[in-house]
Each structure stands twice: as C-alpha cells, then as structure tokens.
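The values are calculated or read from the model by the stated rules, or taken from the named source; none is laboratory data. Just so it is clear, the structure is predicted and the values come from calculations on it, not from any experiment. Every residue, glycine as well, gets a Cβ built from its backbone with ideal geometry; the counts of neighbours run over all protein chains shown. Keep in mind that these areas ignore ligands, DNA and RNA; they rest on the heavy atoms of the full protein, side chains included. Shrake-Rupley method; radii C 1.70, N 1.55, O 1.52, S 1.80 Å.
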Amino acid sequence: MDPQLSSLLENSRTQMRRGVLEYSILLVLQSGEGYTSSIIAKLKEVDIIVVEGTLYPLLIRLKNQGLLTYRWEESPQGPPRKYYTLTDQGQQQLSELDSTWKELVRSIDAIRSI
C-alpha cells in the first residue's frame, strides 16, 4: 500500500475511534464501576486501544459534565484507586448515544445499499 494512503487510512481510523471513545467508556461502565486500568483493559479486549494519558482527561470531563461519579478505594498493590460509576445523567446520556449509534449504523447501511 502507498505510504501516504496508509497514513491517511490510519488517521481516519484514529479519528473514528476517538469519536466513539466517550460512548465506549459509558458502555464499559454501564455494567458497574471501574478504575482506569480496568477500563483500559476492557477496551483493549475489543481492540480499542487507549492510553492513560488519553483516558484521564476524558474521565475528568465526563465527571465534570455530571455523567460519572467516583470514589477512592485503597489498593493492596499500590496507591489508592479511583473507581468510576455512571450517574443517572450518565445512564441517560448512554441511552441517547445508543439511539444515535443505531441511527448512524442504519444510515451507513443504507448508504452501502445505494
């Protein structure tokens, strides 16, 4: 593959993943609380690669928007961990994003059929 085309493709993939990262985090947390490393591990399981330096600011933003709350818990293996949980508002946002995602998938499928 042409190196320039390969670079453009990788950039497009990165932008698409970045666009669904907030949604992905809310989906991970819908099943219960999680701390940063566990969230990263769950995302890696489905090939969404994210690093702590990207995740921390996003978690802070989601918390500041009222979508997440957190609590501190001592860890037997190092410093205390911050466990994040969806708030009622976060659950509502996730529900809205679910609807938006389904609508987007339907639209893309329709375009493919043209």
Residue ID - farthest from Arg18 (Cα to Cα), chosen from residues in the range 74-98 that are in contact (Cβ under 8 Å) with a residue 12 or more places away in the chain and not in a helix (DSSP H, G or I): Arg81
Step by step: first the residues of the range 77-108, then only those that are basic (Lys, Arg) and open to solvent by less than 70 Å² (accessible area, probe 1.4 Å), then the one that is nearest to Arg61 (Cα to Cα). Which residue is that? Lys82
From Ile111, Ile60, Ile49, Ile40, grab the single residue that is over 16 Å from Gly19 (Cα atoms), out of contact with any Asp or Glu (no Cβ under 9 Å at 6 or more places or on another chain), among the aliphatic types (A, V, I, L, M) and surrounded by 10 or more Cβ atoms within 10 Å (Cβ to Cβ). Ile60
Whether any residue in the range 52-65 is in contact (Cβ under 8 Å) with a residue 24 or more places away in the chain and among the acidic types (Asp, Glu) is what I want to check. no
Applying the selection to the range 22-73, what residues are of a type in the set (Gly, Ala, Ser), on the phi < 0 side of the Ramachandran plot and assigned to a loop (DSSP other than H, G, I, E, B)? Ser31
Within the set of pairs 6 or more residues apart or between chains, which connect a residue that is under 15 Å from Ile60 (Cα atoms) inside the range 20-36 to a residue that is assigned to a loop (DSSP other than H, G, I, E, B) and at pLDDT below 95 with Cβ atoms less than 7 Å apart? Leu21/Val50
How many residues does the range 1-29 hold that are surrounded by 14 or more Cβ atoms within 10 Å (Cβ to Cβ) and among the polar types (S, T, N, Q)? 1
For Tyr70, are the conditions met, namely being among the aromatic types (Phe, Trp, Tyr), modelled with pLDDT of 95 or more and farther than 12 Å from Ile25 by Cα? yes
